[in-house]
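Single-structure report; data block below.
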2 protein chains.
Amino acid sequence: MKAAIIGIGLIGGSFALSLKEHGLCQFVVGVDNNPQNAQKALELGLVDQIVSQEEAIAEADLIVLATPVNDIPTLAIKILNRIGLKQTVIDVGSIKGELSEMISQHPKRGRFVATHPMWGTEYSGPDAAVHGAFTGRTVVICDRESSDEDALTLVEKVYTAFGMPIIYMTSEEQDLHSAYVSHISHITSFALALTVLEKEREEEHIFDLAGGGFESTVRLAKSSPETWVPILMQNKYNILDVLREHIHQLQIFRIMLEKDDKEGLTSAMRKANTIKRIIK
Amino acid sequence: MKAAIIGIGLIGGSFALSLKEHGLCQFVVGVDNNPQNAQKALELGLVDQIVSQEEAIAEADLIVLATPVNDIPTLAIKILNRIGLKQTVIDVGSIKGELSEMISQHPKRGRFVATHPMWGTEYSGPDAAVHGAFTGRTVVICDRESSDEDALTLVEKVYTAFGMPIIYMTSEEQDLHSAYVSHISHITSFALALTVLEKEREEEHIFDLAGGGFESTVRLAKSSPETWVPILMQNKYNILDVLREHIHQLQIFRIMLEKDDKEGLTSAMRKANTIKRIIK
C-alpha cells in the first residue's frame, strides 16, 4: 500500500511512523504547506518524500488528512473531487460535525472514512511526532454506514494493526463525547495556567513550589492555539455546554467552602472518587 | 538517630522509607490511630515497630507528624508539652497557618520545624507509600527563625540527604503559594470528574473515549476527602481567592467562545503557553 500524509505534524507524523512500524507501508509520502515543516519531517524520517498535493493524490492508495481541523472539510471536498474509486481518504481530526455535513452529498462520499484516533500530546509540529504513538488507544470511526465497505475494511485493518480498539459512533456523538473527555481538559488547563501566571505578578516565587499535581493538571496548557482554537470553534456548542456545567461544579465547591460545609465537600469528593472506575 | 512517624500513610510511610534508604536511621517506629493501618505499615516494612505515642516520645530523636492536617496543630502542642530539649519535632503537612499560630507561644517552640515536602500522589494509606518518593522535589521550611539552630540543622540534613532542594518561607507565604500550585489543581480535578460523571447519566459510553489528556487533568480527583477536606478548610481564604480567579478565567473563555472571538482565544492560549518556562 502507498500512503500520503497531508499535514506532517504531531498526529500526521506519528501516523506515518506507525504505518511503517506496523509493516503497512514501505513508502510514505508527505505534503505540507509549510516548507520548513516539510523539510524537518523528511530529515526526521517521518516520510520518505515530500510531494505536491497533486502528486500525492495521483499515487496514494490511502490519503490521510492530518491538518488543523478548520482546514479538513475544504480539503476533504477538494481531494474527493480528484481521487479515483479505489483510493481511500481518511481524516484524523478530533471534530466531525462540519466535515460530515460538508462531504455528506459528495458523489464520492463512500471513499471517505472519518476517524479520530484518541491520542495526542501537548506538543505540535513534526518534532513532536513519536514512535508507537497510537498503540493501546481507542479510535473512533464515525458514520461508518456512509463509507464504502472496502474503504472501511482498509481503515479497520490499519487501526487494528496499530493495536487500537475501534469504537463506532455518529459524528454528533463523537463531538459531544470529545467535548467532555478531551476538549474541556484543555480549557481547564489553559485557565489554570492563566490563573497562576496572573498571581505570579504579585508573588514572584510562586512557581518554586510547583510539583507533580500542578504539572499534570496544567500540562495541556502548553498546547498550541493553532490546533485548539479551530477545535473549540468547530465544537462550540458542545464545549459551551460542558464548560457551563464545569463552572457550575466549581461554583458549588466555592459555596461549600465559603459555608464551611465539610459534609458537602466530603460527599462531592467521594462522588468524584468514583472516577477510579474509569481511570486506573 | 531514632525516628518516630506519627500517621503512617502515603506521606508518613514514604518518609519512613526515605529515612532508611538514605542511611539516616536503622530503626523507625510508627504510631497510628488506626490499628489496621498500623499493622499494614508493619507488614509492608515501612516501620520496624508499632508503638504508643508515649513510647515514641520517650525514644525518638526526631518525631514526624504526618497525620491529616486538621490533627496536626493539637498533636504538635501535646508533643511539645512532653518532649525534652534535645528532641526535634517536624510536621509534613501542606498547611501551616493554624499550626504556626497554635505553637507560636509554646515554651518549646524552638524544638519544632514546620516543613512541607512538595510531593504526593492521589493515593492514600500505607499501601500508597513508595520508595524514593521525595528525591528531586522541593521542600519548604517555614518560619525558620522560630526553630532552634540544632533542630533546624538536623532537619536540613535530613532533607538534603533525601535530595530535596530547600526553600524558606513564612507560613503565610507557603499557604498562599500552595493554594495556587497545589490545592487549586485538586479542586479543578474533582470538579472535572463530577462534570463528566454528571453527563454520563445521559451518555452511557462517554468514557470509552477518555484518553491521556483527560487522565492527567482528572487524576487528582481520586484523592481522598479525609486528606483534602481539612486542607481546604484550613487554607480556606487563599483557596477561595484562587478559586474565584480560576472561575473568572473560565468565564472569559466561555464568553470568548460564545462570541466567536478567535483572536481573544488565540491570545489567551498563547499567554497560557508561557507556562512552558515553568514546567518542562
Label point 7 Å beyond Cα along the C-beta direction, distances from A:Glu101 to other copies (nm, shortest first)
5.7
Can you give the Rg/Rh ratio of the protein assembly as shown, where Rg is from the C-alpha atoms and Rh is the Kirkwood radius?
1.06
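Count charges around B:Lys40 for me, please; just the other residues with Cβ under 11 Å from its Cβ, Lys/Arg as +1, Asp/Glu as -1.
Values: positive: none; negative: B:Asp32, B:Glu43, B:Asp127.
Its environment carries a net charge of -3.
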Over the Cα atoms of chain B, what radius of gyration and what Dmax do you get, in Å?
21.0, 68
Out of residues 5 or more away from A:Thr138 or on other chains, whose amide H comes under 5 Å of its own, with H placed 1.01 Å from N in the peptide plane?
A:Met118
Averaged over B:170-178, number of beta-carbon atoms from partner chains that fall within 10 Å
2
Zone of B:Glu226's modelled label, taken as backbone nitrogen in the stretch B:116-132 under 12 Å from a point 7 Å along Cα→Cβ:
B:124-128
Run the quick spin-label model on A:Thr153 and A:Ile255: label points 7 Å from Cα toward the beta carbon, then report their separation in nm to one decimal.
5.8
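If you restrict to DSSP beta bridges whose two residues both lie in the stretch A:3-169, what percentage is antiparallel, to the nearest 5?
Roughly 15 percent of the beta bridges in the stretch A:3-169 run antiparallel, per DSSP.
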Pairwise label distance in nanometres, B:Phe27 with A:Lys236, each label 7 Å out on the Cα-Cβ vector:
7.2
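Give me a single rounded figure for A:87-96: the average over its residues of other chain Cβ atoms within 10 Å of their Cβ.
On the way: counts 0, 0, 0, 0, 0, 0, 0, 1, 0, 0.
Neighbouring Cβ atoms belonging to other protein chains average 0 per residue here.
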Scoring chain B by relative contact order with C-alpha pairs under 8 Å, at least six apart, yields a percentage of 17
By the mean-Cβ-within-10 Å protection proxy, highest first, B:197-205, B:40-48 rank as B:40-48, B:197-205
Report Rg(Cα)/(2.2 N^0.38 Å) for the stretch A:103-146, keeping two decimals.
1.53
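For the stretch A:174-277, state the semi-axes of the equivalent ellipsoid (square roots of 5 times the eigenvalues of the alpha-carbon gyration tensor), sorted largest first and rounded to whole angstrom.
Working: eigenvalues 117, 97, 35 Å².
Semi-axes (√(5λ), whole Å): 24, 22, 13.
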Taking θ = phi - 60°, what integer Hz values does the Karplus form 6.51 cos²θ - 1.76 cosθ + 1.60 yield along the stretch B:130-136, in sequence order, with x for Gly and Pro?
9, 6, x, 4, 8, 3, x
Rounded to a whole number, the mean other protein chain Cβ count within 10 angstrom for residues of B:42-49 is 0
Specify, per residue and in Å³, the volume enclosed by the convex hull of the alpha carbon atoms belonging to the stretch A:113-239.
134
Cα-based Rg (one decimal) and Dmax (whole number) for the stretch B:3-169, in Å?
14.3, 40
Could you put B:Ile187, B:Ile252 in order, starting from the residue whose Cβ has the fewest other Cβ atoms within 10 Å?
B:Ile252, B:Ile187
Bridge type composition, the protein assembly as shown - antiparallel percent by DSSP, nearest 5:
15
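Excluding B:Thr67 itself, what net charge comes from residues whose Cβ is under 14 Å from its Cβ, given Lys and Arg +1 and Asp and Glu -1? Please report the intermediate quantities before stating the final value.
Values: positive: B:Lys78; negative: B:Asp32, B:Asp71, B:Asp91, B:Glu98, B:Glu226.
Result for the local shell: -4.
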Placing each pseudo-label 7 Å from Cα in the direction of the beta carbon, B:His106 and B:Met1 end up separated by a distance in nanometres of 1.9
Charge tally for neighbours of A:Val51 with beta carbon under 12 Å away, counting Lys, Arg as +1 and Asp, Glu as -1, is -4
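By per-residue mean of other Cβ atoms within 10 Å, what is the highest-first order of A:68-80, B:56-68?
By packing density, highest mean first, the sequence is B:56-68, A:68-80.
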Whole-Å distance linking the alpha carbon centroid of the stretch A:81-151 with that of the stretch A:204-228 is 30
So for the stretch B:1-98, considering every pair of alpha-carbon atoms, how many percent are separated by more than 24 Å?
13
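Rule-based calculations on the coordinates, nothing more; no lab input. Just so we're clear, the structure is a prediction, and the values are computed from it rather than from any experiment. Please note: Cβ atoms are built from the backbone with ideal geometry, for glycine as well, and neighbour counts cover all protein chains shown.
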